[in-house]
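The values are calculated or read from the model by the stated rules, or taken from the named source; none is laboratory data. Values in this document were obtained by computation on a predicted structure and should not be read as measured data. Glycine gets a Cβ as well: all are built from the backbone with ideal geometry, and neighbour counts include every protein chain shown. The accessibility values were calculated without ligands, DNA or RNA, using every heavy atom of the protein model including side chains. Shrake-Rupley method; radii C 1.70, N 1.55, O 1.52, S 1.80 Å.
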Amino acid sequence: QEKKIFMVQGPYPVIRRLLRARGWVERKFPGTGRAGSRPEQWHGRQQEQLQEEEEDGAEQGEASRLVHDQVPYFIWTNHRSAVDCRLLRKDQVLNHYAGVGAFATKEGLCLNLRNLPWFDQADPNAFFPRCYWLGAAEEWKDFIEDFSLTAARSLLRTALERAGDMPVQMEQTLKSREEQGESHISHPMPPTAGPGPPLPLQLVEQALQVCEQHLGSLGHQDIDGDLPSPWRTGTDWHRFLCDYYRVVHEGAGLVLSGEQRERCQALLQHLAEHLPQLGMEGTHNVWILKPGAKSRGRGIVCTARLQEVLQVAGGCTAPSARAGEWVVQKYVERPLLIFGTKFDIRQWFLVTDWNPLTIWFYRESYLRFCSQPFSLHHLDLARHLCNVSIQKRFRPVWGQHPQLPLDRIWSCQQFQAYLAQVGQAGVWHQVMVPGMKAAVVGALRSVQDLVGSRKGSFELYGADFLFGEDCQPWLLEINISPTMAPSSAVTRRLCASVQRDTLRVVLDHRDNPTCSTGAFELIYKE
């Protein structure tokens, strides 16, 4: 009569314990079929073996047997496919929505976030590194052109850096990092020397011409416009990229005239007014390849050479069937580092309605560190991919900073304490958190029409962010069913807290809008 029967699929002992403490009784999740409102209609495929992390007491076991044929009113599963939503009643609560692949897959976020300007004045390029799905011919072509344009900009920046004459904004950023005893590049290239004779003035001139034409096109584009192709400049791109690799990756010298130096300075400053990602690009033109159908960092490759991207994706001049499995995204080459080490942050948020869109943001989060110092001269996963499942394969490097955590996890409170130590006490609440909130709202608004809006459902997501050296957040991806398995003392506490507060929002707040929602903050409601 009180409708306090629940079903949980998978190892969620905290959810089970919290619901039982509220007087709910568990109905065991079936080993086969789907969970609808009428058990006699369950049908379908073999489900994952139910994993229990705690033993039922005799009293709970007896109660579960008594309700084995009753309707569950709260259902928590790993995957939406475990439930046939057509059989659900309106008063059954489910922790998933339909259609969330529009933003919770690498391909979906890549393609749909571009639509944000139609729903909001926000620019997705200000918080999401540009990304291409290599399964479409146009995307393939656009990526190659972007890689080439980025190489041209990187060459100009490299020339200025080696001449000791960087644009003012970049110079100030690097000086700030040096004052903190850090560098965005662990092993900087020598200033101008390198193997072989210096490359001629013509190389820099080609880069200048390409970037000047690109700047001209940026000044006249509109929301429907396409940028003119860099291939129309008449540049021999194969030769240009080979020379670019020699300069950036092999340290070959550059010849730069005084007139070219002034043009480089002015051009990069003008481009920065149109390209919000210019500051995070760096000089190495590194991109990250992600297989669309895998999670937990599996299959990810970092590379700085166009040919390697195309080969990994399964073709050289046009997309193949394999290319549809991949997205390629610009790598943030100037991340904020802690003791010379890269990290990202897992940030939870909760959606309790899609119409009207209702978003709750969790006030607590945690950092995940790489196990080796950051370097753009070594693109191995130990330095560049912060996923816990990836980093647990590697041992911390000998001589790592003593203040780096052995379990590679920090709470956001520990991070704020560090920021205060380096003179950035206000940046968490003034820059980082507002930026993450805006990115979450923007991502969801861009796909609102693509997600199924079932009343009574809710869903908890885990967003992964990286901070640039200017402390601005960059959204990397959004995950459904974020892991609740504790990998450290910090995550053991936080994962339990976010599950407790999720129930507060979806059960208690629904019946009593004045009750506590824990660390969840309502940040958007249409």
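Quick notes on this one:
- Distances between placed amide hydrogens fall under 5 Å for residue 411 paired with 367, all partners being 5 or more residues away or on another chain.
- Accessible area per residue in Å² at 1.4 Å probe, computed on segment 333-386: 20
- Stokes-Einstein D (µm²/s) once Rh is taken as the Kirkwood radius of segment 66-123 over alpha-carbon pairs, at 20 °C in 1.002 mPa s: 151
- In Hz, Karplus ³J(HN,Hα) per residue of segment 72-83 (6.51, -1.76, 1.60; θ = phi - 60°; x = Gly, Pro): x, 9, 9, 10, 10, 10, 5, 9, 4, 5, 6, 10
- Accessible surface of segment 91-154 [probe 1.4 Å, protein heavy atoms]: carbon and sulfur percent: 55
- Carbon and sulfur %, accessible surface of segment 333-390 computed with the full protein complex present, 1.4 Å: 49
- Between residue 456 and any residue 5 or more places off or on another chain, the built amide H atoms are never under 5 Å apart.
- Coupling constants for segment 498-509 follow from the phi torsions by the Karplus curve (6.51 cos²θ - 1.76 cosθ + 1.60, θ = phi - 60°), and in residue order they are 5, 5, 4, 6, 4, 5, 4, 6, 7, 10, 6, 5 Hz; glycine and proline get x.
- Karplus-derived 3J(HN,Hα) values for segment 327-333, using 6.51 cos²θ - 1.76 cosθ + 1.60 with θ = phi - 60°, are 10, 10, 9, 5, 7, 7, 7 Hz; glycine and proline are entered as x.
- In this structure the amide hydrogen of residue 353, modeled in the peptide plane, comes within under 5 Å of the amide hydrogens of 358, none closer than 5 places in sequence on its chain.
- Loop-located trypsin sites (Lys or Arg not before Pro) in segment 66-98 whose Cβ has at most 16 other Cβ within 10 Å (DSSP): 89, 90
- Low-density loop cleavage sites - trypsin sites (Lys or Arg not before Pro) in segment 385-482, where at most 12 other Cβ are within 10 Å (DSSP): 392, 393, 455
- Accessible surface of segment 437-526 [probe 1.4 Å, protein heavy atoms]: carbon and sulfur percent: 51
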